Each structure stands twice: as C-alpha cells, then as structure tokens.
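The block underneath contains the structure these notes are about, expressed in structure tokens.
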Amino acid sequence: MRPDAPLLDAKDLVRRYDMRRGFLGRAVEVRAVDGVSLRIERGRTLGLVGESGCGKSTTGRLVLGMETPDQGSVSFEGQPLPSPGSAAWRAQRARMQMVYQDPLGALDRRLSIGTQVAEPLEIHRIGDRAARVQDLLRAVGLRPDQAERYPHELSGGQRQRAVLARALATEPALLVCDEPISALDVSIQAQVMNLLVDLQERFGMGILFISHDLRAVRQVSHRVAVMYLGRIVEEGEPDAILQDPAHPYARTLVSAIPHPGRRVDRIILQGDPPNPADRPSGCAFHPRCPVATALCARETPALKRRGDGRLVACHLAHRDEALPRKAA
Amino acid sequence: MPEGLVTVATVVPPQPKRASVPLLVRLGGAWLLAMLAVALLADVIAPYGYTALDLRNRLSPPVTLGGSWLHPLGTDELGRDVLARLIYSIRTSLLIAFGATIIGAVVGTTLGFLAAHFRGLVEQAVLALVDFSASLPFLILALAVLAFFGNSLVLLVCLLGLHAWERYARIARGLALAAGAQGYAAAVRGLGATPWRIYGRHVLPNIASTLIVSMTLAFPEVILLESGLSFLGLGVQPPETSLGSMVGYGREYLTRAPWILLAPAVTIVLTTLSVSLIGDWLRDRLDPTLR
Amino acid sequence: MLRFATARLARAGLTIAMVVTFAFVVLRLSGDPAQIIMGADAPPEAIDAFRTAWGLDEPVWVQYLSYFSAILQGDLGRSMRDGRDAIVLVTERIPATLALTLPALLIKIGLGIPAGIFAALHRNSLADRIVMVVAVAGFTVPSFVLGLLLVLVFAVQLGWLPSGGQESWRHAILPVITLGLGGAAVLARFTRSAMLEVLGQPYIRTASAKGVPWRSVVTGHALPNAAIPTVTIIGFMVGSLIAGAVVVESVFSWPGVGRLLVVAVSNRDLAVVQCILLLVAVTMVCANLIVDLLYGLLDPRLRSGTRKAG
C-alpha cells in the first residue's frame, strides 16, 4: 500500500457483454462500459450520474472488483485488484463494500438483522462481535434491540440502514453505493443521505455514489461524473455542474430537475433512448443532441480538461466555452 | 416442463399462523407414521422371521377368510407368514425409498449449485445431463443399468437415487441464480464469504422448503419404481423381500391365494397415497410456484 | 421459426449422441464388451472376430468412434440367446406393443383431457372431486396392482376375459384398460391444473368482462393456452409408445418390446437391451422434437427463438 496513491484509481475501463438472440443466435457485442476512468480519494465522495442502462452500475461493480474489466485497470491503494473469488479478493472485501438498491433483496430473509450485521465480522474473523454489532446499529440509527428483528419486520429505510451497518462492519476504506436511495420513500431518502454523510465523517471512507438523481448526488458528493452510454461525458464540482452544465446531456439532466415556484425551460430530449447494442457513430449523444453538428456524427469527442478545470467530452463545449444557452 | 417455474424466488417468511390440517392429510400422516414405526420396529413386532417356514400351514388364508390367528394375514405356499414378510418388506421398501430420495436430492442440488456457481461449460454440461435424463423414461434407463451391472441393493438405491435428480438440479440452479443475480447471495459474496458459506448458510436454507416439497413429491414415485422393478424380479432379490417383490411373487397364486398379493398391494397404494397427499398439501402451503 | 427448428434439431441430435455415449460408457464399465455382447460361452474365434470388427484393440476414442459408426449403420449386435440380430428381434415385437399402447393412448386422450377440462370448468363440484380422487388414485396405484386387480375381478372371479396371452383381441382388453386408466388419470390431473391456471389469468377475465360469451371464452382463449403444457405430457406418452408397457406386458404375458426387455435384462442379453435403449431414446427424442415444434406453432412467443433464459 502506498500512502500517496489515491484510494482508488480506475483507468480506461471497458466491459463488453455478448448479447445473444436465442440459442445459436448471432452474438451482438454490447459495450456496457466503454473507456471510463475515475479516481476516488480517501474520505471523499464521487457521484456518478446517468440514466438507467448507461453502465453506471457496471462501473460500480468493476471498481469493486466484482467483475473483471475487459480492458483497463483498477488499482486500490496503489495495488491492482486480485481476481474475483480468489482468497486475496475475499480478504480484500473487508476493505471495500457495497450498498445495494434493494435492501430487502440484499438481506437474507431467514436471518436476523444482528446475525447479518455480524456476518462480515465472522467472515473476516474479527472478535468482540456482540458489542460491535450494537455500536454499528446505533451508528446507523437503529436501536440495538432491533438486532433481533428479521428484514421483513423493518421498514424500507430501516433495512437500508441495516445494509449500511453490515457494509461498515469491517470499517472499509471504500464504499460503493449503487442507487442506495431510489427504492426508498422520498421522505426517507434525505435521512439516508444525511446518514451517509455523517458516517463518512466518522469512518472516513471514500464513496462512489451511483444514482440517476443529480440532486441526490449533489447533496453527498465532492465531485460528480455524468455518464452517457458507457462513457463519462462531464466531470467536475457538483455545484459548478448544476449551475452551468457544459455537456448538452448534462444540461438536459439539470433542466429536468424540478424547481418549485420557478419556471424553467425544460430541454425535452428528441429521439429514442440509447441502445448500447447499437451505438451511434461519433459522439453517442449526437442523435438526441439539440446542438449537434456534422462533426459530432463523425468523430468521438475525447474527455478533455477545460479552462475552469472541468472535464468535458463535447466538440462544441471545447470550441466555444460560452455555448449559447438555448440553441434548440 | 416450463422453465419459468424456477425463476421465481420462493422465499417463505416464517409463518406464525397455523392453518388447520385437512383430515385426509392427517390420516396420511398417521399412516406414514405407522409405516415408519413398523419399519423401525420390524425386528420387535414381526411374529416370525421373514424366511421362517411353516410347512404344515401352507397357503393358509387370513383371519377374515376363515384362517387361524396363528397367521393373521395368512401364509404363502412355503408356509411363510405374510404379516411378517409384509413388515420386513415395508422396512426394505421405505429404506430404499428414503435412501434414494436423499441421494437424488443431494446429487441434484449439488449439481444445480455447481451450474449456478461456475456458469459457462459446467452449466452447459449439467443442463445437457438434465435434458438427457428428462428424455428417457427412467424405468428403461434403470433396466438398462441393471442389465449391464447386475443387481445389488447398493446399486439399486443409487440407481433409484438418480430418479428425479434433474428436478432438484433445475430448482437449485434456478433459485441460486435468482439469489445471485441481485439478491442476498450476491450481497454475501460481496462481504467476502466463501462459496461454502454462500451456498451452505444462505442459499440452501432459503430454498430448503422448495426442495423438501420436491422430495415429498418424488418419494412416492421412488416407492412405485422400486416396487415396479421388484415386481418384475429385477429389483430387490430373494431372500430379501420388498413390497413389489411380494406382489410379483404372489402373482403366481392369484387364483388360489390372492391375500399374498393383496396385503402388499394395499400397503403400496396407501403409502404412496399418503405421501402424495402430504406432498400436495405441503406444496400448496409452502410453495405454490411448484406445479 | 427456421432457427428455432434447427436449434431443436441440434439438441435432439445431441441427446441421442449422449444416449449412445451412455451405452458405450456403461458397456465399457461393465467388463469386456466382447464377452458381454457375445455371451460367456461364445466360441473364441467369434469373440476375436467381434473384437476386430468393433476394433477393441484400438485406443478408447477410436473404439468410441467405431462404436458410433457401427450404430449409425444399424449394427446393434446379436442376441446371445438365439444369435439373431438384436434389431430384428426388437422390431418384430413392436407391432404387439403398439397393439396395446395405441388404443391405450386413445383412452388416455379421450378420457383424460375431457375429464380434466370438465373438472376445471366445474371447480369444487362433485364431478371435480370425483375426477380428482380418481386422478390421484390413478397415480398412486401402480399399474401392476391395477392390472392384477382387474385380472382378479374380470378373469378370476367373473371369468369374462382371459388373464394373459395374445390369442385374440379379447386378450388385449385388460392390458389396454390398465394402461389407459393410469395415463388418463395423469392427463386429467395435468389438464385440470393447466386449465385452472389459464382460467385465472387476467385475459380470461377481460374477455368475459367485455361480454364475450363464456363458451367462446373457453374455446377461443382458455383451451388453446391450456393446450400448451398438456401437449408436453402427450408428447411424453407418444414417446413411450414403444416401451411404455414394460410392466403391463409382464403382468399380462404380452409378447411385446417391454416383455422382451425384461427377459433380456434378467438374462443379461446386453445387445437386445442396448438396442431397446437406443430405440426408446430415438422415439422419445423424436416425440420431444415434434412437441417442441408444435409448441412453436402454438406459442408465438417461442417462434422468434428469443426464449427467456433460465
């Protein structure tokens, strides 16, 4: 472990799937993740935003080492990840953990919450389990007596707290949260996000926060990356992106955020939702982009640093940093 | 068989409420308990040894047909007591059926888990085997194996154990895949658990109710297969006796001494009926997705 | 549809290849195939000829290939009992078996399906209860018990029908009934549950809610959908036409393929056993293939070949 290395450094990740139509069908190659690089610092949160099917969950699994990328590399604390399923990989799970979208599915319905929170301690042979389980439950805002409960006896928010307690049991350095709040009631979402921020202060882990909700990401993240069809199209400070999104896709995402009492001009996306099996040429967003030019259909824009330090992958955003506000 | 039935996650939360058990199922349970008691206590309750001859009382009819209490269910043409033979036959048949059902469940579940865990070639191989055994009537396969390898009790139990293994394999694979895709199994794997822990501590207990229901449904089929093979003289070999071989043997005396055949035949029917009733009831109660 | 059909064909071929492989492996595991196939008291020169013919001195995989090609050429060995070709011995028994299994199949379909449909349409009525009781009994009473009971009643007690043999059509009545009743019970039970499942579907409720007469709902919507799972069972029954009467033929001393199989197994006449095994596998696989293709016609979702994985 090198102390100067970033907690997690992923370079040019590519993940392909073969999609087969029927038995003996022609295999179609789908690039779920197509050249994603990201970096997570200790104690900081990177938000990853995009619509469903854009590859953000796959990115999360690659970063955690649950899957091996077809190209590119992931290093954790300066070391490459061991291969999934190996003993070294299993031991490393104590250092990196995941929080799932559906807490009920992620919990074993036949075991009590206490048993399940204790399970990572058991797996990684960490002693003093009873006391630690009590501490963990308190840390996530559950009552210690709820250790006796079964998942179906808890509310959705409480279940997600239990999943968090289990994920934090071994005090991991990295936490990947894959849509952790989207299955929860709106009133509970804010509580869980606040809890996440509190827990980060206490445990100091780096977080990859995956969501389709740009506002949720802004609340918890120190940096935000916007993904479209397997690629990061924009990355920067959350507030900066929300106030002045540079990529046309990021702009549509921002404009989709409802502002009570204020009328905004929504950008309605044209065209079909993207199909990763049939990726458009050039910039993948060009068929739906209100400002696309002939160049966009021809050449894929690279993710480059702009003058203000933001990373953007758009021909126009680089050519003319003061893109007209409303071109459609 | 429709493949879809295994994709539904069938996790049954603990049910505190107690539905009333139908009368027929209770009767079936009582009969089955009686059979188990008979099997366990065979040495104690059997009035004679199952090979003991009583040459003075050959083909003696049962009490109900005017026979003596010496042989309540009558005797066969060697003067062997039908009741004693029935008791030992129950023991043999139940032993074989239990052994075979457990072997089938263990083999099938293990292969199903292997297929779900390794995917790829292992899975294809298991699925091809499933196709293979689903494509041949089991009786024919069993007869072929017996022809090639000759007969022994161990072989018979193992052979019958292969019956219905593909059902457990299908169920175990389907449910393990469902649990692994997004569910608790994937989560536990992410905690760093070994496959032993994932499958032994989490997946197996969660699918146990489904497997137990399948075992209850397969059990009478195994009894029927064993008795069929023994009836044909290809299953349990003399001097050992089973329900099926008693029927096969008694067939020779169908006209003169039908009781030799009727006692084991009724026992087979009542036992399979009891287990089927319990199995159907369990399925409807625990796991309606198994159809 | 074409791709669907070719995929099924490939699978059928694979299954038959697996049965042949199974026979080969079992044969090799059980000892010296030459001795076993030719019989222990075969003259040494015959065994040597067999070895050369089947290439038993070659490495295992060469043997496997020549075994395969021998079978493809219809060379299934000779019966050790009378030295005739196993395939001839088996095929001359087929008509006798079909004389039982075909009428029995008609009984199964003609009795089982209407009973199942009727029971489902009149759920929880007395008729439904009776059908279910008979169906469960049909499953739990083994065919040899049913057959012997019929013999006891109709041949021994009443003396109406012969108890065994194959002299006249009257000899076939009891075995056909034994086979037919058991299968009809299975089919009735299956049809009933398939029907009930379909009748509970939202599209049935929609159809009757929008005023389609109940009769048309049943014939137009329920029956075609319930037919899909039922066809599978019927396919299995068609597949076992050749060897589906092993036990019943033994009960009634009917000289069909099943009786031959039982005798061959007790005599360890392996060439005959192997021949029947392959014949059954081919019939079964063909029946399954036809069912699969029928499925494709009955169920438009399968036609495109995009079947939901596991």
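See the values below:
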quantity: Residue B:101 being over 18 Å from the mean Cα position of the chain (by Cα), of a type outside the set (A, V, I, L, M) and either more than 25 Å from residue C:258 (Cα to Cα) or at pLDDT below 90 (or both); calculated: no
quantity: Residue in the stretch A:77-96 that is surrounded by the fewest Cβ atoms within 10 Å (Cβ to Cβ), counting only those that are facing chain B (nearest Cβ under 7 Å) and closer than 23 Å to residue A:180 by Cβ; calculated: A:94
quantity: Residues of the stretch A:161-196 classified as touching a strand residue (DSSP E or B) at 6+ places or on another chain (Cβ under 8 Å) and of a type in the set (S, T, N, Q), total; calculated: 2
quantity: Inter-residue pairs, beta-carbon under 9 Å, first under 16 Å from residue C:102 (Cβ atoms) and at the interface with chain B (Cβ under 10 Å from one of its Cβ atoms) and in the stretch C:225-239, second part of a helix (DSSP H, G or I) and of a type in the set (Ser, Thr, Tyr), 6+ apart; calculated: C:239/B:135; C:239/C:283
quantity: Set C:197, C:249: member being within 13 Å of chain B (Cβ to nearest Cβ), modelled with pLDDT of 85 or more and over 15 Å from residue C:135 (Cα atoms); calculated: C:249
quantity: Single condition residue A:105 does not satisfy, out of (1) farther than 27 Å from residue A:36 by Cα; (2) of a type in the set (Gly, Ala, Ser); (3) modelled with pLDDT of 90 or more; calculated: (3)
quantity: So residue B:33, is it part of a helix (DSSP H, G or I), surrounded by fewer than 13 Cβ atoms within 10 Å (Cβ to Cβ) and within 29 Å of the chain's Cα centre (by Cα); calculated: yes
quantity: Residue among A:144, A:180 that alone is surrounded by 24 or more Cβ atoms within 10 Å (Cβ to Cβ) and more than 11 Å from chain B (Cβ to nearest Cβ); calculated: A:180
quantity: In the stretch A:38-57, the residues that are touching a residue at least 60 places away in the same chain (Cβ under 8 Å), more than 23 Å from residue A:252 (Cα to Cα) and not hydrophobic (A, V, I, L, M, F, W, C); calculated: A:41, A:42, A:43, A:44, A:45
quantity: Single unsatisfied condition, residue A:67 versus (1) crowded, with 24+ Cβ neighbours inside 10 Å; (2) closer than 17 Å to residue A:100 by Cα; calculated: (1)
quantity: Hits in the stretch C:120-140 - residues which are within 11 Å of chain B (Cβ to nearest Cβ), hydrophobic (A, V, I, L, M, F, W, C) and free of Cβ contacts under 8 Å to residues at least 12 places away in the same chain; calculated: C:133
quantity: Verdict on residue B:219 being farther than 22 Å from residue B:72 by Cβ, free of Cβ contacts under 8 Å to residues at least 60 places away in the same chain and crowded, with 23+ Cβ neighbours inside 10 Å; calculated: no
quantity: One residue from A:132, A:93 being among the basic types (Lys, Arg) and closer than 30 Å to residue A:30 by Cβ; calculated: A:93
quantity: Residues within the stretch B:42-65 that are assigned to a helix (DSSP H, G or I) and not β-branched (Val, Ile, Thr), tallied; calculated: 6
quantity: Meets criteria (at pLDDT 85 or above and more than 26 Å from the chain's Cα centre (by Cα)) for residue A:303; calculated: no
quantity: Criterion violated by residue A:185 - all others in (1) touching a residue at least 24 places away in the same chain (Cβ under 8 Å); (2) out of contact with any Gly (no Cβ under 7 Å at 6 or more places or on another chain) satisfied; calculated: (2)
quantity: Residues located in the stretch C:256-295, provided they are over 18 Å from residue C:19 (Cβ atoms) and acidic (Asp, Glu); calculated: C:269
quantity: Residue within the stretch A:223-235 that is within 14 Å of another protein chain (Cβ to nearest Cβ) and touching a residue at least 12 places away in the same chain (Cβ under 8 Å) present; calculated: no
quantity: Count of the stretch A:157-171 residues which are touching a Phe, Trp or Tyr at 6+ places or on another chain (Cβ under 7 Å) and either within 12 Å of another protein chain (Cβ to nearest Cβ) or crowded, with 24+ Cβ neighbours inside 10 Å (or both); calculated: 2
quantity: Matching residues, the stretch B:106-141, being of a type in the set (Val, Ile, Thr) and either surrounded by fewer than 16 Cβ atoms within 10 Å (Cβ to Cβ) or more than 10 Å from chain C (Cβ to nearest Cβ) (or both); calculated: B:106, B:107, B:109, B:110, B:122, B:126, B:130
quantity: Pairs where the first residue, in the stretch A:121-133, is exposed (fewer than 10 other Cβ atoms within 10 Å of the Cβ) and the second is at pLDDT 90 or above, C-beta under 9 Å, 6+ apart; calculated: A:127/A:121; A:128/A:121
quantity: Search result, residues across the stretch C:141-174 that are among the β-branched types (Val, Ile, Thr), farther than 19 Å from residue B:233 by Cβ and at the interface with another protein chain (Cβ under 10 Å from one of its Cβ atoms); calculated: C:141, C:156
quantity: Residue list for the stretch C:272-295, restricted to those being at pLDDT below 80 and either touching a Lys or Arg at 6+ places or on another chain (Cβ under 6 Å) or within 10 Å of another protein chain (Cβ to nearest Cβ) (or both); calculated: C:292
quantity: Any pair with Cβ under 6 angstrom, 6 or more apart, that starts in the stretch B:142-153 at a residue that is more than 7 Å from chain C (Cβ to nearest Cβ) and ends at one that is hydrophobic (A, V, I, L, M, F, W, C); calculated: B:142/B:159
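The values are calculated or read from the model by the stated rules, or taken from the named source; none is laboratory data. Note that the coordinates shown come from a computational prediction; the quantities given were computed from them, not determined experimentally. Glycine also receives a Cβ, built like all others from the backbone with ideal geometry; neighbour counts cover every protein chain displayed.
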